[in-house]
Amino acid sequence: MIVAEELSKTYRVGRGREITALDDLNLEVARGELRAILGPNGAGKSTAVKIFTTLTAPTWGRASISGIDVSRDPGGVRELIGASGQSTAIDERLTGLENLQLIAMLSRPTGLKARDRAADMIERFDLVEARDRQVKEYSGGMRRRVDIAGALLAEPEVLFLDEPTTGLDPRSRQSVWDLIAQLAHRGTTVVLTTQYLEEADRLSDTISVIDHGRVIAEGTPDELKASIGEQRAEVTLLNDSDHEAAMGILRRVAAAEPARSSSLRDLSVAITDGTRTLSALLLELGGAGIELVDAGVRRPTLDEVFFELTGTPPTDELRTDPR
Amino acid sequence: MTAAPAPALDSERPRPRYDHRILAHSAALVWRNVIRIKREPSILAFTLIQPIIFVLLFSFVYSGVISIPGVNYTDFIMAGIFAQTIVFGATITASSLAQDLQSGFIARLRTLPINSAAVLIGRTGADLGVTLLSITVMILTGLAVGWRIRSDLVGALAGVGLLVLFAFAMSWLMVFLGLSVRNPEAITSASLLLLFPLTFVSEAFVPASTLPQPLHIIAEWNPVSALVYATRNLFGNLPAATAPETWLQSNAIGIITVSSLALLCVFIPLSVRRFARLNDRL
């Protein structure tokens, strides 16, 4: 359905300076799949979406949707796709209804008149009360709903959502998530970029983790988590000052590299034999006089997956918590 | 995931194409741009109220001070105000387009199955509407303060037609500028810097002969002077018993017509091409 082969993109910035946004990216998304492209800021997520939505041409490599090459036949690709998100925008000065009416007038004609089609989308996206207000008065969540409604209006085969929940408050984020889950349920192929691990985890069938413009891992959320061990032992220290000593003990007992997090007091490490390793850990920590607030065994999070894959803690650019 | 890397299968399904509906799409975008203009008071003030103020200002304030033999000053000045309003008004095309580029709205349009020329036609079409409105307002204000078209109906229509043609040509030049500069504030300030001397060091408000030497030559060869002279001629507002003195004056109508058409022939294709290659920015 969606294929990228050796996709590369270099932007020229100023005198002779170049930025490589995509570096040999390979991707294959099946019909009806919801694929999350997960990566930190600047990893190349938006550039990939811009290429698929014909907004920018690749420097090298090929990208196609339903067999139509995005460079050779951008017009053909535009018939198939809907795009929404940070690289595209709706008009602030138009009302929600006018925005959708405009998109209806510029999209594949259906039996319905543009205005009726727009009104129908307004209803489906729960925007009836706001339909005649200018979008600049909308909340972030409402804007996002108009934006996604516009992308879906022509019933595209593929929907591209570029960071659909960035900057939204938790409640709006939940409503956008519900919306995306419904779409996936109806069989629309969706490509979603996100820097939120939780979002990729909850919504997607498959996650492509990208960093520095290439795919560094791919799989279902469960596969990705399993790839770094089925279980993790997690301890929370009472004092920051015990961090180094505790790290040493974790490393030795579990025979694996513990993951760092944003807090010096939260440590976790992959373990293979469940509670036995945890007991050994607790004994050693206790013997070293390190006081704990909490300890337990759990399944790994995508944070840790990302740390394993890239060697950088996700807390810099990749945030677990969208706030 | 399917293992089949042969996407050719999918594409064999014939698909109807809609990007030829360029007129309908242009009309839709004119509709959108007109709504925006109606909701943007600063644009309406600039194109409607400013010309009214200029007509009143020049006809009442300066007509007492400036006297040009053979014509009353209000008659003389109107062509200048028409030209000035049109030249300044054209910058709105560039800044509106740059604004739409900056906001990401044009990116949204570029993901839709439309012919990209429709976006530019929608812009210049809406701005042409604003020009017509602003010319109408100026004509009515002028008539109210005593300006008269001293030629005939044909001259009047030809004069308005020439102004509209020139405005449309300028608008396409500004489309190209907007696509190239892509910064609305820079466009506005740069064009004010350029256009103020261009309109004032011309025959818009005084005959070139009254200007000191270096300015005199600039005013004589200034394209705005040609536009003003041609309009003034068609409206019958030239000072009585004066003959064209320069090549520019003797051929003003032809020069403006030909150069407007030339601008259109150059900047329509250039702009469409530039629009299609908008993509290589980060």
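Values quoted throughout were computed directly from the atomic coordinates according to the rules given, and no laboratory measurement underlies them. Not measured: the values here are computed from a predicted model. Ideal geometry is used to build each Cβ from the backbone, glycine not excepted, and the neighbour counts take in all protein chains shown.
Some values worked out for this structure:
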| quantity | calculated |
| --- | --- |
| Per-q log10 I(q)/I(0), region A:145-269, q = 0.14, 0.23 Å⁻¹ (Debye; single scatterer per alpha-carbon; no solvent) | -0.78, -1.30 |
| Estimated FRET transfer efficiency (B:Ile218, B:Ile22; beta-carbon r; R0 30 Å; 0.05) | 0.15 |
| Contact order relative to length of region A:104-193, as percent, for alpha carbon pairs under 8 angstrom and 6 or more apart | 29 percent |
| Cα radius of gyration and Dmax for chain B (Å) | 22.2, 87 |
| Viscosity 1.306 mPa s, 10 °C: Kirkwood-radius Stokes-Einstein D of chain A over Cα pairs, µm²/s | 73 µm²/s |
| Sorted by Cβ density within 10 Å, fewest first, the residues B:Val34, B:Val154, A:Val209 | B:Val154, B:Val34, A:Val209 |
| Ratio of the Cα radius of gyration of the protein assembly as shown to 2.2 N^0.38 Å, where N counts its residues | 1.27 |
| Point-to-point label distance, A:Trp60-B:Lys38, nm (Cα→Cβ direction, 7 Å offset) | 5.3 nm |
| Pairwise FRET efficiency - B:Val266 versus B:Ala240, Cβ, R0 = 41 Å, nearest 0.05 | 0.60 |
| Kirkwood estimate for region A:77-236, i.e. one over the average of 1/r between Cα atoms, Å | 17.0 Å |
| Stokes-Einstein diffusion coefficient of region B:57-205, Kirkwood radius over Cα pairs, 20 °C, 1.002 mPa s, in µm²/s | 126 µm²/s |
| Cut-off 10 Å between beta-carbons: net charge of the residues surrounding B:Val30, Lys and Arg +1, Asp and Glu -1 | +1 |
| Nearest 10 degrees, 0 to 90: helix B:73-89 Cα axis against chain B principal axis | 20 degrees |
| Translational diffusion coefficient (Stokes-Einstein; Kirkwood radius from C-alpha pairs) of region B:209-282 at 10 °C, 1.306 mPa s, in µm²/s | 108 µm²/s |
| Hull volume in cubic angstrom per residue (convex hull over the Cα atoms of region B:134-250) | 136 Å³ |
| Average other protein chain Cβ within 10 Å of Cβ, residues B:110-120 | 6 |
| Within chain A, helix-based [θ] at 222 nm, where runs of 4 or more DSSP H residues each add -39,500 (n - 2.57), nearest 500 | -10000 deg cm²/dmol |
| Burial ordering of B:Val65, B:Val181, A:Val128, fewest other beta-carbon atoms within 10 Å first | B:Val65, A:Val128, B:Val181 |
| Estimated FRET transfer efficiency (A:Glu18, B:Arg277; beta-carbon r; R0 25 Å; 0.05) | 0.85 |
| 27 Å Cα-Cα threshold exceeded, pairs from A:Lys9/A:Lys225; A:Lys45/A:Lys225; A:Lys45/B:Lys38; A:Lys45/A:Lys113 | A:Lys9/A:Lys225; A:Lys45/B:Lys38; A:Lys45/A:Lys113 |
| For region A:1-104: rounded, prolate or oblate by the Cα gyration tensor [a/c cutoff 1.5] | oblate |
| Fewest-first ranking of A:Lys113, A:Lys9, A:Lys225, A:Lys50, using other Cβ atoms within 10 Å as the exposure measure | A:Lys113, A:Lys225, A:Lys9, A:Lys50 |
| Under 14 Å, Cβ to Cβ, from A:Glu291 - net charge with Lys/Arg +1 and Asp/Glu -1 | -3 |
| Relative contact order of region B:211-282, pairs being alpha-carbon contacts under 8 Å that are 6 or more residues apart, as % | 29 percent |
| Per residue Cα convex hull volume in Å³ - calculated over region B:171-219 | 88 Å³ |
| Total formal charge among the other residues, if their Cβ is under 12 angstrom from that of A:Asn26, Lys/Arg +1 and Asp/Glu -1 | -4 |
